[in-house]
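Asker: Once you've had a glance at the structure underneath, I'll fire off some questions.
Please treat every number below as a calculation from the coordinates, not as lab data. What you see is a predicted model; the values in this text were computed from it and never measured. Cβ sites come from the backbone with ideal geometry, for glycine too, and all protein chains shown count toward neighbours.
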Amino acid sequence: MTLIQEVNLFTPQTTASAITGVLWLIPALPIVASGCIALFKQPLRRAAVTLSIGSLGISLLIAIAAFAHVLSGWLAGNAVRETVNFTWIRFGSSAVELGWVLDPLSAVMLVMVCFVGLLIFIYSTGYMEHDENFTRFFCFLSLFAGAMLGVVISNSILMLFMCWELVGLTSYLLIGFWYHRPSAAAAAKKAFLTTRVGDIFFLLGIIWLFAQTGTLLFYSHGTGSLEPLALASLLTQHAGLGLTAAGAIGLLIFAGAAGKSGQLPLHVWLPDAMEGPTPVSALIHAATMVAAGVYLIARVYPLMQAGALTGGVTTSLTVVTWVGASTAVFAALIAVAQNDIKRILAYSTVSQLGYMMAGLGMGGVAVGMFHLITHAFFKALLFMGAGSVIHGSHDEQDIRNLGGLKQLMPITFVTYVIGMLALCGFPLFFSGFWSKDAILEAAQHWTVARAPFYMLVCGALLTAFYMTRQVSYVFFGQYRGHGHAHESPRVMTMPLAILAFFAVALGAIGTPAWPWFRAFLDGHAAESLSEPGLFALMATSSLVVLIGLGLGWVVYGNKSPEPEAPDALQVKMPAVWNVLQNKFYIDELYGATIIAFYAWWARVADWLDRRVWGGAVAAVTWLFGLFAKFNRFLDANVVDGTFDKGCEEISTGGGLLASIQSGVVQNYLRILALAVVALVLILFWSSRP
Amino acid sequence: MTAIFYLIAAITVAGGLAAVLLKNLVHCALAVTVAFGGIALLFLSLEAQFAGFVQILVYIGAVAILIVFAILLTRGSDIPKDGVFSKTWLTGVAIAAAVFAVIGYAVINSVNAIPQQDAVPHVTVHDIGLALVGPYVLPLEIVALLLTAATVGAVIVAMHEKGGSE
Amino acid sequence: MTPLGGYLLVAALMFAIGLAGALVRRNAIMVLIGIELMLNSANLNFIAFWRYGPHPEALTGMMFAIFSIAVAAAEAAVGLGLVIAIYRHTHTTEIDKINRMKG
Amino acid sequence: MIDKADQIFVLLQHWLISFLPLALQQPAAVLIGVIGIISVFPAIFALTTVFERKGLGRIQNRLGPNRVGPFGFMQPIADAIKSLTKEDVVPSTANGPVHFLAPVGLVVAVFMGFAVLPVGRNMVLVDMDAGLLFFFAMGASTEVSVFMAGWSSRNKYSLLGAMRAVAQMISYEVVLLLSSVAVVMITGSLSLTKIVEAQNQYTGIFPHWYIFTPWGLAGFVMYAIAATAETNRSPFDLPEGESELVAGYHTEYSGFKFALFFLGEYLAMLSISGLGTTLFLGGWSAPFSFLTFMPSWFWFFSKLMLSIFVFIWMRGTLPRLRQDQLMNFAWKFVLPFTLLDLFVTALWRFMGEGLLRWFVCSAILLAAYIIMGRIAMVRKQFGPRSYRYAE
């Protein structure tokens, strides 16, 4: 693998093309649409839908145009990286700069996000049809889409962080969309707080990076933080623990990515996030937002691999690999013992994100991104299929209460099975096979350790197993739910069919026979089939998948257990099952350690507040009270006494004068007349000689 | 000091006395109309044609009618049981007499001190008009404002209070 | 007695009569009538002084009388409006019964 | 000869006083004038009553009085004899002196108004500098008499009629004054003879009557409306509406006192028509320059009779207004329009000669008339009466 040396094949473009100039419209349109919808009244459903879908559709068109621009540039032989930067705030000699970038990575991601997002928008119009907060939902969805697209096009790490936080906010809003359910509200809080833990590290990384390089931009004609000049200076800094500054910053950024992408210590929020509406699960928690972490690593990849000596191995990338691989197998294990249809998919997502991270860590940007793209399509497909199942079976999510939907929901069944086979990596015809194969290939060639390879293979086996279990429960046997299950409306099945098509077809761009996707992302020529051991690897992975499928079918296939009956595995291995079903007791562990610590600390603070500070305040209060009493005494006896006496005198005098003003008008007139008499007399007298 | 002057003066004073002394308020109003007319005639006898006609127009045509309206609106034409004069009427008469005595004494004693010209002043309406829009234009404007304000005020004061505690 | 003296005496008499009316009558409208009489006698004085004064062409007394008439008209309108308003509240126009500053 | 015919009455007066010593000539001249007025106008009144009754009869498709004398023309004489010989009924609760003084005061005040009317060239009893003001002062005095009549009768119909009449007269007197002020603004004089002289000029054969100017026409229309209301004539005859108030403030009068009221009302109509003629229709001036050979008094009385004919015609044609319509009409339409007319008159005075002022003044008045009319009609304040029947 020689791709590392060829990263710098990119030739910086000095001038931005027209399409780059309007690239900002892609995130801006959905955000503006969201703002408009926020002002709408609830009954304006049609307008809200038209606005959000229309804006995202236009964004998709622009994204495709941008992609075509990049593609034509690539075909012409020179890879494109165009940036538009501007100064946001200037203080002193430094400036906060924002900007956006168009390169193969962002172009691919833009198209994927817009396309999947658009399909999910369309699907949502059917899924959310009966919800009374329909327009609010589309407001949030549009805001999310805009923020996510903002993350994708950012050329400034600050702008990326702002959009990143916006994405986190919308995720919070959408998970808690049905906020009247306590579980949804709790899940939203959990998601927000957990990702915040990662974000704090991310922010530290940003600040460190800014402090070291003096710029927030990734690419800026040679002065950006991801360009050789800055990287070289970062490598010369030592951060302790044997890390260079580049490595330390990379690890901090990875912590943020791990929070967002649900990597091992911070994965707990993602399964709970399934409390949100299913389209949200599909869009945010399968296809796009969780992939933002992977995308972030891909975006700062030059930083991560800076200083790599041989085989592209750096400390930070090794950490990424280990975390990813262990997440992959760990989550797959938990998924085996779950009964909620969406929760299984959620753990599957965590697992697949681990694959992506491992792929990034071992194989480079293209490997990880390829799995990200294929996964986005088939996982969105699976989630929407699950949504269709839930919709059709009257909000039933427990797979033990479903069954026999093969006949009742044929389109959902076919598309779901396609998604499931793609996820499992069924050989040759499904995109998942090729993307996973690329990761496994990278793992096989990894020089540091062999363990990740075996872990990933194990994960693939488990993936096939639990997906078979799920499909068997849901679609085969007898229908065990209540009411009559029915097929979903066309507006929901159409996106399923389109996604199913891509779940199959996308594999074509990444086969070892024609790996142009990798070449496109990495910017160098395609490799040939001549790689040694390739076919052996393919055979191995196929075999693993088939074993997993077969095992699952043997254990669960075509049975119709009673809803309350124990699981087949539970009967055989109750101890293991319990551990798995309780998710390795991670939540309980956190509850017993971190949260308990916080609760204790809160009690301490409370005690301090009540006893120490409260006492001090009470003492001061008492003192002042005493002083006030003294003042009152003075006021009542000294000041008031004088004043009252004065008032009494004035009042008495006033009473005397008031008796003159009797209210009888004629009295006044009389006095007036007498005054006239007096006046005339005085005048007359005084004029007398 | 002609007979006409005495006649007019007698009418005026009689009207005024009747206005003050008559019991029925409407009679008082009519009597005061006579007094107003007498004053107007006095103006005319003083060669003040314009002032005289204005006096008739304003006092007889407007103020008298206004008084009559007010009397009828307040049921003033019914004679009250406890008399029309206040209990202190004697004091009032005494004070009025004192005023008249003092002023009359002053007039009689000092009227000859003032230089008098007996030539009839020849003042036309034209002159008065020119004076009104000339040296006296500011008072004219103020009076216009005052009349407007008085109109508005009278309307508001006399207007029925809507939703009042009647 | 000069003509001016005659007019002034008549004016003084009318003034006294108006004053007496305003002082002895109990009805508020009668008080107003008395005041009107007093104003009229003042006007008569103005006109008389204008007629027999040294500068009749200056029109001062005449103007005074005219403006006084205009103002008196406004005064009458407002005064009678007040009397009517008071009558609405207290159902009386007896001025010695209207001695509270509360309607 | 022409001048002789024109000045025949003046010459007659001069001839008569020439028999007296010089000291008495001046009072005698006045006396003769007074006698003339006191004899001529009641005669016209007598004629008018019979004209009115016959005219109304024609309008209502009947004959009218036709028994006394030729064509019933002796009817007023018969009426006069009747009212003089009838018993004078005074209600027992009536306030005697006031009841008696009311018709007298009315007739006196109305007769006073004629003193300043120029009925012909050099034919005016007192050529006062403030003639117009005098006329209005006398007109205002009649209100007191009307009130006296209504109040002293101790009859609720009388009192209501009197109150209505006084309220109506006060309201429309404002309009009457203001519409006359327009003429004063142009002429620069309150003297009625000067006003007539200002109009007694000709351009070609056409006279300079004020009615032939935009502001004059508008002013005349307002004046005519106000005059109709001021004299309590139909359609503003609410104070005497038979269907509501029997006969208004003179319900309790009979015999000669009633005749006096009747006389007073007609004389008021005559005098106010005469003033209108003087102010807007050129007084005694001839309508065309080639007709100046006719005596001036002939023209005055012709115009007067024409006005009276219009009064009778209106009485026979128009229905009576409601009280609120009457007041609204006065304060919300006629008065604002008259004020606007004053403004236009000022504009006319200061815009100088030329066609422009004709155009501008006409345009303003026409626009104001149309706009105010539309607003009034939309608000249904002066619209046709709508009847509601008990169900």
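Asker: For the pair D:Ser39 and C:Glu94, how long in nm is the line joining their label points, each one 7 Å along Cα→Cβ?
Answerer: Reported label-point gap for D:Ser39 and C:Glu94 is 6.0 nm.
Asker: In deg cm²/dmol and to the nearest 500, what is the mean residue ellipticity at 222 nm of chain A if only DSSP H runs of at least 4 residues count, each as -39500 (n - 2.57), divided by the residue total? Walk me through the intermediate numbers first.
Answerer: Values: 30 runs with 467 residues, N = 689.
After summing the helix terms and dividing by residue count, I get -22500 deg cm²/dmol.
Asker: What is the fewest-to-most order of A:Met492, A:Met384 by other Cβ atoms lying within 10 Å of their Cβ? Let's see the in-between values first.
Answerer: Numbers: A:Met492 25, A:Met384 34.
Listing A:Met492, A:Met384 from fewest to most nearby Cβ atoms yields A:Met492, A:Met384.
Asker: For a quick check, take a GNM of chain C with Cα springs below 10 Å and name the residue from C:Ile29, C:Ile86, C:Ile47 with the largest mean-square fluctuation.
Answerer: C:Ile86
Asker: If I take all pairs of Cα atoms in chain B, what percentage of them are more than 22 Å from each other? Numbers along the way, then the final one.
Answerer: On the way: 8889 of 13695 pairs.
For chain B, the fraction of Cα-Cα distances above 22 Å is 65 percent.
Asker: Taking only the alpha carbons of the protein assembly as shown, what extent do you get along each of the three principal axes, in Å, biggest first?
Answerer: 162, 91, 67
Asker: Can you name the helices of chain D, as whole DSSP H runs, whose Cα span along the helix axis is 30 Å or more and whose Kyte-Doolittle mean is not below 0.5? If you can, show how the numbers build up before the last one.
Answerer: Details: long enough: D:22-59 (54 Å, 1.31); D:131-152 (32 Å, 1.26); D:156-187 (46 Å, 1.37); D:255-280 (38 Å, 1.29); D:296-317 (32 Å, 1.09); D:355-379 (36 Å, 1.64).
Helices meeting the criterion: D:22-59, D:131-152, D:156-187, D:255-280, D:296-317, D:355-379.
Asker: So, one more: Would you list which aspartates and glutamates come within 15 Å of A:Lys406, measuring only between C-alpha atoms, while excluding same-chain residues fewer than 8 positions from it?
Answerer: Filter leaves A:Glu487.
Asker: Give the calculated FRET efficiency between D:Asp324 and D:Tyr369 to the nearest 0.05, with a Förster radius of 25 Å applied to their Cβ-Cβ distance. Display every interim value, and only then the final one.
Answerer: Values: r = 22 Å, r/R0 = 0.89.
Once rounded, the FRET efficiency stands at 0.65.
Asker: What distance in nm separates the two pseudo spin-label positions at B:Gln116 and A:Phe597, each 7 Å out from Cα along the beta-carbon direction?
Answerer: So the two model labels end up 12.0 nm from each other.
Asker: Can you compute the helix-only [θ] at 222 nm over chain D? Use -39500 (n - 2.57) per DSSP H run of at least 4 residues, normalise by all residues, nearest 500 deg cm²/dmol.
Answerer: Working: 15 runs with 261 residues, N = 391.
The helix-only estimate for chain D comes to -22500 deg cm²/dmol at 222 nm.
Asker: Nearest 10 degrees is fine. How inclined is helix C:60-90 to the longest principal axis of chain C, computing both from alpha carbons?
Answerer: 10
Asker: Along Cα→Cβ, 7 Å out, is where each label goes; now give me the distance between the ones at A:Ile671 and A:Ala616 in nm to one decimal.
Answerer: Between A:Ile671 and A:Ala616, the label points sit 6.7 nm apart.
Asker: At 27 Å minimum axial length over the Cα atoms and a Kyte-Doolittle cut of 0.0, report the qualifying DSSP H helices in chain A, or say none.
Answerer: Numbers: long enough: A:45-75 (44 Å, 1.44); A:104-127 (34 Å, 1.97); A:134-153 (29 Å, 1.98); A:182-213 (45 Å, 0.97); A:315-336 (32 Å, 1.78); A:341-363 (32 Å, 0.67); A:365-392 (39 Å, 1.38); A:451-475 (36 Å, 1.12); A:534-556 (33 Å, 2.03); A:614-634 (30 Å, 1.12); A:640-660 (30 Å, 0.04); A:665-687 (33 Å, 1.80).
Span-like helices, by this rule, are A:45-75, A:104-127, A:134-153, A:182-213, A:315-336, A:341-363, A:365-392, A:451-475, A:534-556, A:614-634, A:640-660, A:665-687.
Asker: Taking only Cα atoms, what is the 0 to 90° angle, nearest 10, from helix C:28-52's long axis to the longest principal axis of chain C?
Answerer: 10
Asker: When the dipole is taken about the Cα centre of the range D:2-374, and only Lys, Arg (+1) and Asp, Glu (-1) are charged at their Cβ, what size is it in debye, to the nearest 20? List each step's numbers first, then the result.
Answerer: Details: 23 positive and 21 negative charges, 149 e Å.
Dipole about the Cα centre, nearest 20: 720 debye.
Asker: Further question: For A:Val571 and A:Ile207, calculate 0.36 nm times their separation in residues minus their Cα-Cα distance, and state this gained length in nm to one decimal.
Answerer: Values: separation 364, 0.36 × 364 = 131.04 nm, distance 5.32 nm.
Value of the extension gain: 125.7 nm.
Asker: Now a separate question. To the nearest 20 Debye, how big is the dipole of the protein assembly as shown about its Cα centre, given +1 on the beta carbon of each Lys and Arg and -1 on that of each Asp and Glu? Display every interim value, and only then the final one.
Answerer: Details: 73 positive and 69 negative charges, 393 e Å.
Dipole size: approximately 1880 debye.
Asker: Oh, and also: Please go through the range A:428-490 and write out the trypsin sites (Lys or Arg not before Pro) that DSSP classes as loop and that have at most 15 other C-beta atoms within 10 Å.
Answerer: Numbers: sites: A:Lys436, A:Arg450, A:Arg469, A:Arg480, A:Arg490; in loops: A:Arg450, A:Arg480.
Answer by residue number: A:Arg450.
Asker: Would you calculate, for chain B, the mean residue ellipticity at 222 nm contributed by helices, counting each DSSP H stretch of 4 or more residues as -39,500 (n - 2.57) and dividing by all residues, to the nearest 500? Write down the numbers at each step before the final one.
Answerer: On the way: 7 runs with 110 residues, N = 166.
The helix-only estimate for chain B comes to -22000 deg cm²/dmol at 222 nm.
Asker: Starting from the Cα-Cα distance between A:Leu623 and A:Asn582, subtract it from 0.36 nm times their residue separation and give me the gain in nm to one decimal. Let's see the in-between values first.
Answerer: On the way: separation 41, 0.36 × 41 = 14.76 nm, distance 5.70 nm.
So the extension gain works out to 9.1 nm.
Asker: Given the range D:2-374, what count of lysine pairs have C-alpha atoms under 22 Å apart, with each pair 8 or more places apart or on different chains?
Answerer: Within the range D:2-374, the lysine pair count is 7.
Asker: Subtracting the Cα-Cα distance from 0.36 nm times the residue separation, let me have the gained length for A:Thr87 to A:Leu543 in nm, one decimal. Numbers along the way, then the final one.
Answerer: Working: separation 456, 0.36 × 456 = 164.16 nm, distance 5.51 nm.
Difference between extended and current length: 158.6 nm.
Asker: Checking the table A:Lys260/A:Lys379; B:Lys23/C:Lys97; A:Lys645/C:Lys97 against a 27 Å threshold on Cα-Cα, which pairs fail?
Answerer: Numbers: A:Lys260/A:Lys379 17 Å; B:Lys23/C:Lys97 19 Å; A:Lys645/C:Lys97 36 Å.
Over 27 Å apart, Cα to Cα: A:Lys645/C:Lys97.
Asker: Can you tell me the dipole magnitude for chain A around its Cα centre, using point charges on the Cβ only (Lys, Arg +1; Asp, Glu -1), in Debye to the nearest 20?
Answerer: On the way: 34 positive and 34 negative charges, 145 e Å.
Value, rounded to 20: 700 debye.
Asker: Still on this structure, please answer the following. Can you give the percent of C-alpha pairs in chain A whose distance is more than 37 Å?
Answerer: Details: 105274 of 237016 pairs.
Roughly 44 percent, rounded to a whole number.
Asker: Between exposed GluC sites (Glu not before Pro) in chain A, where DSSP calls loop and at most 10 other Cβ atoms lie within 10 Å, what's the longest gap? It would help to have the intermediate numbers written out before the result.
Answerer: Numbers: sites that count: A:Glu132, A:Glu564.
Segment A:133-563 is the longest.
Asker: Setting aside same-chain residues fewer than 8 positions from A:Lys342, which aspartates and glutamates have a Cα under 16 Å from its Cα?
Answerer: A:Asp272, A:Glu275, A:Asp395, A:Glu396, A:Asp398
Asker: Also, I was wondering about something else. Using the Kyte-Doolittle scale, which helices in chain B average at least 1.6 and also have C-alpha atoms spread 20 Å or more along the helix axis, with helices defined as whole DSSP H runs?
Answerer: Values: long enough: B:3-21 (26 Å, 2.32); B:25-45 (30 Å, 2.19); B:89-110 (31 Å, 1.80); B:137-158 (31 Å, 2.32).
Taking the DSSP H segments of chain B (at least 20 Å long, mean hydropathy at least 1.6), we get B:3-21, B:25-45, B:89-110, B:137-158.
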